[in-house]
Amino acid sequence: LTVDGDTPFSQRSTARDRGNVLLTNPDMLHISILPNHKTWRRVLAKLAYVVVDEAHMYKGAFGAHVAGVLRRLVRLVAHYQEPGRRRRLQFIYCSATIANPAEHFSQLVP
């Protein structure tokens, strides 16, 4: 299910309550999902993979903001996972040709 600025609130609750795959963007994570993390706890507890598309675009001030959002996401996922069953969230970065991908992506989420 997709959750972005154009998604009606009724569909957002469907994504929270029944979705297995969530498509969103850094802005919706920042303004809608993370501040309301208690209502998203089911999704956060089961989240295993985050795919970051066009990752080469996240640099400068905007990149620093996205890095902060992703770090908050990592902390909340760890918070909602069951003790003893915690696993590290896996990030998959998609990008056009970039000279130093490991260095660039490690600045987004180490």
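The values are calculated or read from the model by the stated rules, or taken from the named source; none is laboratory data. Note that the structure is a prediction, hence the values are computed from the model and not measured. Please note: Cβ atoms are built from the backbone with ideal geometry, for glycine as well, and neighbour counts cover all protein chains shown.
In this structure, Gly68 does not qualify as modelled with pLDDT of 90 or more and over 19 Å from Ile33 (Cα atoms). Residues in the stretch 25-42 that are more than 11 Å from the chain's Cα centre (by Cα) and not aromatic (Phe, Trp, Tyr): Ile31, Ser32, Pro35, Asn36, His37, Lys38, Thr39, Arg41, Arg42. Residue count for the stretch 40-63, restricted to those that are farther than 20 Å from Ala15 by Cα, loosely packed, with under 13 Cβ neighbours inside 10 Å and of a type in the set (A, V, I, L, M): 1.
Of the helices (runs of 4 or more DSSP H) that lie entirely inside the stretch 1-108, those containing 2 or more residues that are touching a residue at least 24 places away in the same chain (Cβ under 8 Å) and hydrophobic (A, V, I, L, M, F, W, C) span 41-46, 60-80, 101-108.
In the set Asn25, Asn100, Asn36, only one residue is within 24 Å of Arg12 (Cβ to Cβ), exposed (fewer than 13 other Cβ atoms within 10 Å of the Cβ) and of a type in the set (S, T, N, Q); that residue is Asn36.
Restricting the stretch 79-91 to residues that are exposed (fewer than 14 other Cβ atoms within 10 Å of the Cβ) and out of contact with any strand residue (DSSP E or B) (no Cβ under 9 Å at 6 or more places or on another chain) leaves a set whose member that is nearest to His30 (Cα to Cα) is His79. Of the residues making up the stretch 15-35, just one is of a type in the set (Ser, Thr, Tyr) and over 11 Å from Leu73 (Cβ atoms), namely Ser32.
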